[in-house]
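Q: Just passing along the structure, written as structure tokens.
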Amino acid sequence: MTTDSLPRHIAIIMDGNGRWARARHLPRLAGHQAGAKAVERTIQAAQKKGIAFLTLYAFSTENWSRPKEEIDGLMNLLSQTLTKYTRQAAKENLRLWVSGEREPLPPAILTQVDEAVAQTATHTGLTVNLALNYGAQQEIVHAANAAYAAGEKKLTPETLRNYFYHPDLPDPELIIRTSGEERLSNFLLWQAAYSEFYFTSVLWPDFNETELDKALAAYATRTRRFGGI
Ligand code: FPP
């Protein structure tokens, strides 16, 4: 695969943990645990392929409506994964970024996230951008409010972008959604303007390097015209 046919930034809507668990008569949390393992596999595979940015939709602003037990379980899993990666990060050269609103994330998670982001800030390998308490409409409103507070008088798409969670994050060339659902669910609405989409019926806990390869092969066949001819 040439560098051009390889996306610089892949963003993933990791869907299907609940259905994966239900099919095995397991609690939903078991699906999320298996999903966390798929996260690790996917990070490794992306590193191996030389992908620069990987955005993972870990928790949306709408996920707060889930049962408290499930939310607590997801936060625990996140905390465990952060602990593991912060420990390994120097060796792996991974950089962690987070996109989303801080409120109402638990203070302990915020502290852990802040530490992981600070500890990995100078790393030059894969950037894993966790979309955590993320909603794209909220990001756009956040940017508009920040621009207003900064005294911007007349916004353009380029100037508004300066107020996004990560102005330096390139738009994803490829967005993957697992589990057969085909919608964006308030994910990267602005940044997806010219993204290629890859939908697969594979449930997130079953996602692995082979599935990533299939998505990359599909991407390599796409012709990207950006509105031109
Ligand atoms: C969607 O599946 C998945 C989520 C809402 C959370 C994603 C979380 C993980 C992959 C595990 C932990 C993450 C990290 C970064 C360690 P769903 O529950 O909506 O599945 P369903 O549609 O089949 O019910």
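Q: Work out the length of the dipole vector of the chain about its Cα centre, built from +1 on the beta-carbon of each Lys and Arg and -1 on the beta-carbon of each Asp and Glu, and round it to the nearest 20 debye.
A: So the dipole magnitude of the chain works out to roughly 340 debye.
Q: Right, here's the next one. Remind me, relative contact order of the chain in percent, using alpha carbon pairs under 8 angstrom and six or more residues apart? Present the calculation step by step, with values, prior to reporting the outcome.
A: Values: 346 pairs, mean separation 68.9, N = 229.
Contact order relative to length: 30 percent.
Q: Got the relative contact order for region 1-93 handy, in percent, Cα pairs under 8 Å and 6 or more residues apart?
A: 34 percent
Q: For Lys214, which lysines qualify as cross-link partners when the Cα separation must be under 27 Å and same-chain residues fewer than eight apart are set aside?
A: Lys37, Lys48, Lys49
Q: Would you give the gap between the C-alpha center of region 65-90 and the C-alpha center of region 100-131, rounded to a whole Å?
A: 12 Å
Q: OK, next. How about region 116-170: which trypsin sites (Lys or Arg not before Pro) there lie in a loop by DSSP and see at most 11 other Cβ atoms within 10 Å?
A: Those that pass, being in a loop and sparsely packed, are Lys153, Lys154.
Q: Additional query: Students often check this: by mean Cβ neighbours within 10 Å, which of 180-186, 135-141, 10-16 ranks highest, and how do the rest follow?
A: Packing order, densest peptide first, comes out as 10-16, 135-141, 180-186.
Q: Mind jotting down the distance between the C-alpha centroids of region 146-187 and region 13-33, whole Å?
A: Measuring centre to centre over Cα atoms gives 29 Å.
Q: Find the relative contact order for region 93-145 and round it to a whole percent, using C-alpha pairs within less than 8 Å whose residues are 6+ positions apart. Walk me through the intermediate numbers first.
A: Details: 59 pairs, mean separation 29.5, N = 53.
Computed over region 93-145, the figure is 56 percent.
Q: Here's something else I'd like to know. Per residue, how big is the convex hull around the C-alpha atoms of the chain? Give it to me in cubic angstrom, could you?
A: Taking the convex hull of the Cα positions in the chain, it is 131 Å³ per residue.
Q: When the Karplus curve 6.51 cos²θ - 1.76 cosθ + 1.60 is applied with θ = phi - 60°, which whole-Hz ³J(HN,Hα) does each residue of region 119-134 get, with x for Gly and Pro?
A: Values, residue by residue: 5, 9, 4, 9, 6, 10, x, 4, 9, 9, 9, 7, 7, 10, 6, 9 Hz.
Q: In whole Hz and in residue order, list the ³J(HN,Hα) couplings for region 31-45 that follow from phi through the Karplus curve 6.51 cos²θ - 1.76 cosθ + 1.60, θ = phi - 60°; x for Gly and Pro.
A: Computed from phi, the couplings for region 31-45 are x, 5, 4, 5, x, 5, 5, 5, 4, 4, 4, 5, 4, 4, 5 Hz.
Q: Quick check on region 1-75: what are the equivalent-ellipsoid semi-axes from the Cα gyration tensor, as sqrt(5λ), descending, whole Å?
A: Numbers: eigenvalues 162, 39, 18 Å².
In descending order the semi-axes read 28, 14, 10 Å.
Q: Further, regarding this structure: For region 10-135, just the Cα atoms, rotate onto the principal axes and tell me the three extents in Å, largest first.
A: Its Cα atoms span 41, 31, 24 Å along the three principal axes.
Q: Please compute the length gained on full extension between Ala192 and Ser79, using 0.36 nm multiplied by the number of residues separating them and subtracting their Cα-Cα distance.
A: Length gained, Ala192 through Ser79: 37.8 nm.
Taken together, the values in this text are just the output of simple stated rules run on the coordinates, not laboratory data. Small disclaimer: the values here were computed from a predicted structure and weren't measured. FYI the Cβ positions are ideal-geometry reconstructions off the backbone, even for glycines, and counts take in every protein chain you see.
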